[in-house]
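First the structure, in the form of structure tokens, and then the observations on it.
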Amino acid sequence: MDDKWTKITHCLLEKNHIRIPIQKRFFLYFVEDDETNIQKEKIIDVITSSGFLKDDPRLSVFRQRLKTLVKSKQINYEEFSYCIDNHISILKKIFQKDIIIPDFKGFCEKIKDIYEQTKIKEGGSVADYIPQLKQQDPTKYGISICTIDGQRFNIGDTKYKYSIQSCCKTINYGIALEEHNPEYVHTFVGREPSGQSFNEITLNKEGKPHNPLINAGAIMTTSLIQKEKTHSERYDHIMNVWKDLSGGIGEVGFNNSVFLSEKNTADRNFAIAYFMKETNSTKTIGFPENTNLHQTLDLYFQCCSIELNTETMAIVAGTLANGGINPLTGKRIFQEETVKQMLSMMLMCGMYDYSGEFAFKIGIPAKSGVAGAIMLVIPNVMGIVTFSPRLDEIGNSYKGIEFCKLLGQTFNFHIFDSFQSETKINPLVSRYQNNTINKQTELYEACKHNDLEYVKILFQRGVDFNVTDYDKRTPLHVAVCETHIELVKYLLQVVKVNKHIQDRWGHTPKDEANNNQKLLELFQ
């Protein structure tokens, strides 16, 4: 489709019709023999094959409008324009293949191949030290992907729900970092691999847990979360963070049976907690003052018992890959600095006693859980989640590790891989969205076409809304000229742009209102 887009653009340039509305260029995209109508299914196929699924909230209005046009399998230009109104920015990315994985269909074919190769592998056994985990179906195997553009792919048992177990440790660490500064958090927990088992009863030479991703460190970081609030308020806060991370796709649930089972077999975790509490009486290190040990342990077990599927968890991973901004909602959940520290810890300590080997061979930040999940985060690219309950002798998913090995051999996703590698596939492109100047160009285009949802996303990403173009006009100038009432209201009341900037003719945005009473009232 990107080749066709180029041909259309060149044709319009030659005919001096480059100012033709972008809606018309989109329409021409899909024209075949009949130049007055296009196939609805073809539009859906292009969008879906690019990885934008039916439940993507950014295209919900578009899909609803398209669905209402049920009279025919074809639509004309007016109907097409009605459907894509307010979705120009994201549809332009899709149609021009201006997305992080441009050949998403080809990429998914490679993932399917890896899935089929690893599906037949046999090895490992289901965790049995927590009785409820032993009851999982050992044959389940699923893989889900979510890129930083919200392109998604699912294969296998991706709707099967499981408890996240140790995958919660990364998120709890991030929540603690957001609530406190890193220096405070690391007063209580270290940053180094322990070199010992994840549930070892040991502390570093300073009397701290070695890092936040072993049991001792995870219990400690849990104690830091909303520590002045009630137990129920702390639990609700953590669940709300998970819901924000998943963008409302799928259900973030809780498995009470797993919680009770885990709590009743938690002698070692209680021993670890009391061992850390004992240091309070001998050193300056230990739990924060007034920590309720049993409530902290209960909250930690509850976090381990959060339940979801790979489709939902992949969006969580995609949010971390996107620097803490949810790809589907545009909402910032974690600050960039927080995510950097979370991913650094995952790279060093996320895979139990296999962490060093995993970092060396695969080179992707990852966190595993004993229920069978592995959450991988490829920074600035995508999140990937695998699930298979059978674990190897270290405690990582057997099939999940096999998948990661083949993924690393196929694509240049290792943190130190060269993009010019001749032995691995590079599915990425250099995207203009990463350039600050072109983000501002996107802002102008979104304001011109009344794409309020994308304007909100750009605001979340910190784009400068007071920027001026070659005529010294701001995005507010453009929105006012196009009479986009709700967009102007958003820019003035939410973004709080500077409404006094003058263009090169000395006109402020208010001057462009042309006596439109509704617009003028917004400037009062």
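Quick check: anything in segment 36-51 over 26 Å from Arg152 (Cα atoms) and open to solvent by 50 Å² or more (accessible area, probe 1.4 Å)?
yes
Filter segment 469-502 down to the residues that are in contact with a helix residue (DSSP H, G or I) (Cβ under 6 Å, 6 or more places away or on another chain) and over 22 Å from Ile457 (Cβ atoms) and list them by number.
Cys481
Could you say whether any residue in segment 175-192 is open to solvent by less than 50 Å² (accessible area, probe 1.4 Å) and in a strand (DSSP E or B)?
No: zero hits.
Are there any pairs, at least 6 apart or on different chains, whose C-beta atoms fall under 9 Å, with the first in segment 473-501 and farther than 18 Å from Asn515 by Cβ and of a type in the set (Lys, Arg) and the second at pLDDT 90 or above and open to solvent by less than 20 Å² (accessible area, probe 1.4 Å), and if so, which?
So the pair list comes out as Arg473/Asp503; Arg473/Pro509; Lys496/Phe465.
Given the structure, is Ser430 under 30 Å from Met348 (Cβ atoms), at pLDDT below 90 and open to solvent by less than 60 Å² (accessible area, probe 1.4 Å)?
It is false that Ser430 is under 30 Å from Met348 (Cβ atoms), at pLDDT below 90 and open to solvent by less than 60 Å² (accessible area, probe 1.4 Å).
Any residue in segment 455-462 that is without any contact (Cβ under 8 Å) to a residue 12 or more places away in the chain and among the small types (Gly, Ala, Ser)?
Yes, segment 455-462 has at least one match.
Quick check: is even one residue across segment 166-179 of a type in the set (D, E, K, R) and touching a strand residue (DSSP E or B) at 6+ places or on another chain (Cβ under 8 Å)?
Checking segment 166-179: at least one residue is of a type in the set (D, E, K, R) and touching a strand residue (DSSP E or B) at 6+ places or on another chain (Cβ under 8 Å).
Kindly list, by first and then second residue, each pair from a residue in segment 374-387 that is under 18 Å from Tyr354 (Cβ atoms) to a residue that is part of a loop (DSSP other than H, G, I, E, B) and hydrophobic (A, V, I, L, M, F, W, C), limited to pairs with Cβ atoms under 6 Å and residues at least 6 apart or on different chains.
Listed pairs, sorted by first residue: Leu376/Ile364.
Restricting attention to segment 249-272, which residues are surrounded by 16 or more Cβ atoms within 10 Å (Cβ to Cβ) and out of contact with any strand residue (DSSP E or B) (no Cβ under 9 Å at 6 or more places or on another chain)?
Within segment 249-272, Ser261, Lys263, Ala266, Asn269, Ile272 meet the criteria.
Have a look at Cys146, Cys168 and point out the one that is touching a residue at least 60 places away in the same chain (Cβ under 8 Å), farther than 22 Å from Asp353 by Cα and touching a helix residue (DSSP H, G or I) at 6+ places or on another chain (Cβ under 9 Å).
Just one listed residue meets the conditions, Cys146.
From (1) small (Gly, Ala, Ser); (2) in a helix (DSSP H, G or I); (3) open to solvent by less than 50 Å² (accessible area, probe 1.4 Å), pick out the condition that doesn't hold for Ser232.
(3)
Which of the residues spanning segment 325-339 are surrounded by fewer than 22 Cβ atoms within 10 Å (Cβ to Cβ) and assigned to a loop (DSSP other than H, G, I, E, B)?
Gly330, Lys331, Gln335, listed by residue number.
So, Asn256, is that one free of Cβ contacts under 8 Å to residues at least 40 places away in the same chain and under 30 Å from Thr329 (Cα atoms) or not?
Spelling it out, it is not the case that Asn256 is free of Cβ contacts under 8 Å to residues at least 40 places away in the same chain and under 30 Å from Thr329 (Cα atoms).
Which residue pairs have Cβ atoms closer than 8 Å, lie 6 or more positions apart in sequence or on different chains, and pair a first residue in segment 52-71 that is in contact (Cβ under 8 Å) with a residue 12 or more places away in the chain with a second residue that is in a helix (DSSP H, G or I) and open to solvent by 50 Å² or more (accessible area, probe 1.4 Å)?
Arg58/Glu453; Arg65/Tyr82; Leu69/Glu79
Taking segment 89-131, which residues are at pLDDT 90 or above, more than 30 Å from Val381 (Cβ to Cβ) and not in a loop (DSSP other than H, G, I, E, B)?
The answer is Ser125, Val126.
Just give me the residues in segment 273-290 being crowded, with 17+ Cβ neighbours inside 10 Å and either at positive phi or modelled with pLDDT of 90 or more (or both), in sequence order.
Matches in segment 273-290: Gly286 only.
Output the number of residues of segment 68-86 satisfying the condition of being surrounded by 16 or more Cβ atoms within 10 Å (Cβ to Cβ) and at pLDDT below 85.
The total comes to 2.
What helices (runs of 4 or more DSSP H) completely inside segment 447-524 contain at least 1 residues that are hydroxyl-bearing (Ser, Thr, Tyr) and either under 27 Å from Pro21 (Cβ atoms) or over 30 Å from the mean Cα position of the chain (by Cα) (or both)?
Result: 452-460, 485-490.
For segment 156-165, state whether one or more residues are more than 20 Å from Gly356 (Cα to Cα), touching a Ser or Thr at 6+ places or on another chain (Cβ under 7 Å) and buried (at least 18 other Cβ atoms within 10 Å of the Cβ). It would help to see each step written out before you state the result.
At the first step, the residues of segment 156-165 found to be more than 20 Å from Gly356 (Cα to Cα) are 156-165.
Among the residues that remain, those that are also touching a Ser or Thr at 6+ places or on another chain (Cβ under 7 Å) are: 158, 163.
Narrowing further to those that are buried (at least 18 other Cβ atoms within 10 Å of the Cβ): 158, 163.
The answer is yes; a qualifying residue exists.
The values are calculated or read from the model by the stated rules, or taken from the named source; none is laboratory data. These numbers come from a predicted model, not from an experiment. Cβ coordinates were reconstructed from backbone atoms using ideal geometry, including for glycine residues, and neighbour counts include every protein chain displayed. Ligands, DNA and RNA are excluded from the accessible area calculation, which covers all protein heavy atoms including side chains. Shrake-Rupley method; radii C 1.70, N 1.55, O 1.52, S 1.80 Å.
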